[in-house]
Amino acid sequence: MSKPLKKKPLYQILYVQVIFAILLGIALGHFYPDFGQSLKPLGDAFIKIVKMIIAPVIFLTVVTGIAGMNNMKMVGNVVGKAMLYFLTFSTLALVIGLIVSNIIRPGDGLNISPDSLDSSKVAGYVEKAHESSIVGFLMNIIPETVVSPLVNGNILQVLFISVIFGAALATTGKKGEPILVFLQNVSEPVFKMVGILMKLAPIGAFGAMAFTIGKYGISSIGNLMMLIVTFYITSLLFVLIVLGAVARYNGFSIIQLIRYIKDELWLVLGTSSSEAALPSLMKKMENVGCEKSIVGLVIPTGYSFNLDGTNIYMTMAALFIAQATGIELSLTEQISLLLVAMISSKGAAGVTGAGFITLAATLSVVPNIPVAGMALILGIDRFMSECRALTNLVGNACASIVVARWENALDKEKMYQVLNSDIQNSLEKTSNK
């Protein structure tokens with residue numbers, strides 16, 4: 001008989017360490033705000049360390065996954081189905097944000113004159129928004145050189161090169177086999193490296209949270225609490241009801257999936273960046289039974305195209321500004337806002353501030369809502385970015401399993417075993433307390 005695995009002490013579990021670090025960061029930022037702000041480099045350094053490893057993780061996962069495929073047509077099928085999924089649920093998220101904002105109307109009663117708003121506070125975001133266009137975004141997917149994506153870490157550029165190289169390697173035949181074996185062997189230490197770097201997560205979460213609370217203060221969210229609460233509840237309902245229905249239809253539970261990726265969710269909450277969890281999320285989706293090639297194509301692409309949380313935020317924030325400044329938008333104007341947001345949201349990456357830049361791009365095309373109104377929500381954007389990133393992460397994990405199932409590339413038995421054993425472990429830990 002095999003010996004039962006020795007359970008880790010509670011203090012050695014990553015998500016417990018991250019929760020403790022977040023609480024410590026909040027307390028320090030609240031009581032010693034200046035010192036809290038000075039800890040910003042801890043959060044920045046951790047995100048920088050994770051970004052350092054993202055490019056090789058995506059490259060190795062995608063190349064070895066595609067090169068191991070027997071049918072190259074499958075790559076086109078996976079990308080096509082993933083894009084269909086992303087477009088459907090991203091649009092649905094925009095519509096839900098629009099509907100909830102019209103029902104709850106969180107901006108009503110503020111009666112702020114558009115002329116009194118300080119547009120200089122958001123000038124930088126507007127400038128970045130004007131620089132980004134759909135053509136520019138698509139052109140930016142093509143890298144300067146074959147190796148430059150591995151240096152600058154642009155996710156879509158890395159994916160672009162990885163797909164081409166993987167397809168080329170798959171069609172090379174016997175001469176390509178030693179290269180594939182070599183890359184598969186390199187993957188092992190790279191993922192070990194990810195595991196080592198993730199041990200720094202509590203330090204990064206502590207620094208990022210201490211800075212956020214130290215700079216913006218818990219009190220700064222008071223006057224805009226209605227918008228924050230509305231956004232968090234809407235995102236939660238989107239995950240539980242919409243993604244929950246999708247998960248149930250595809251044979252798994254969204255609650256089980258959330259529990260399975262809890263380490264990554266706590267990490268995102270602490271750092272406000274979904275990129276911080278990308279390498280470990282990819283590994284977890286492989287472990288749950290999704291084929292490596294599916295994970296390598298769906299997760300990185302989803303980080304730019306499947307941003308459910310960002311989309312809910314965009315329509316809610318736009319309508320909040322309109323309501324706060326006393327501007328009534330007709331149904332036609334709201335539909336035009338929705339159409340513009342559908343296009344402008346596709347280029348946002350899942351990092352802090354990207355949602356704000358995308359909102360600026362949307363408002364600059366819809367003349368009825370003053371772009372200067374973004375100054376109203378600038379102070380709370382950091383608190384909302386965490387919810388955006390959490391929703392985006394769950395959406396991409398769900399998409400990975402769904403697309404894998406569509407392609408018959410999901411080991412259902414392994415998925416049930418992993419998700420159920422994760423629940424069993426949680427129950428055992430609770431009963432042993």
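Would you mind checking Lys283/Lys412; Lys175/Lys284; Lys48/Lys199 for any pair whose Cα atoms are more than 22 angstrom apart? Numbers along the way, then the final one.
Numbers: Lys283/Lys412 17 Å; Lys175/Lys284 32 Å; Lys48/Lys199 14 Å.
Beyond 22 Å between Cα atoms: Lys175/Lys284.
Provide Rg and Dmax in Å for region 240-313, with only Cα atoms included in the calculation.
12.5, 32
Once the convex hull of the C-alpha atoms of region 40-108 is built, how many Å³ does it hold per residue, rounded to a whole number?
112 Å³
Kirkwood Rh over Cα pairs of region 275-347 into Stokes-Einstein at 4 °C, 1.567 mPa s: D in µm²/s? Present the calculation step by step, with values, prior to reporting the outcome.
Details: Rh = 14.6 Å.
Here the translational diffusion coefficient equals 89 µm²/s.
Probe radius 1.4 Å, ligands and nucleic acids left out: which of Ile96, Ile103, Ile369 has the largest accessible area, and how do the rest follow? Mind dumping the intermediate values first?
Details: Ile96 35, Ile103 130, Ile369 0 Å².
Result, largest first: Ile103, Ile96, Ile369.
The values are calculated or read from the model by the stated rules, or taken from the named source; none is laboratory data. Predicted model, so just to flag it, every value in this text is computed and none were measured. These accessible areas exclude ligands, DNA and RNA; they are computed on the full protein's heavy atoms, side chains included. Shrake-Rupley method; radii C 1.70, N 1.55, O 1.52, S 1.80 Å.
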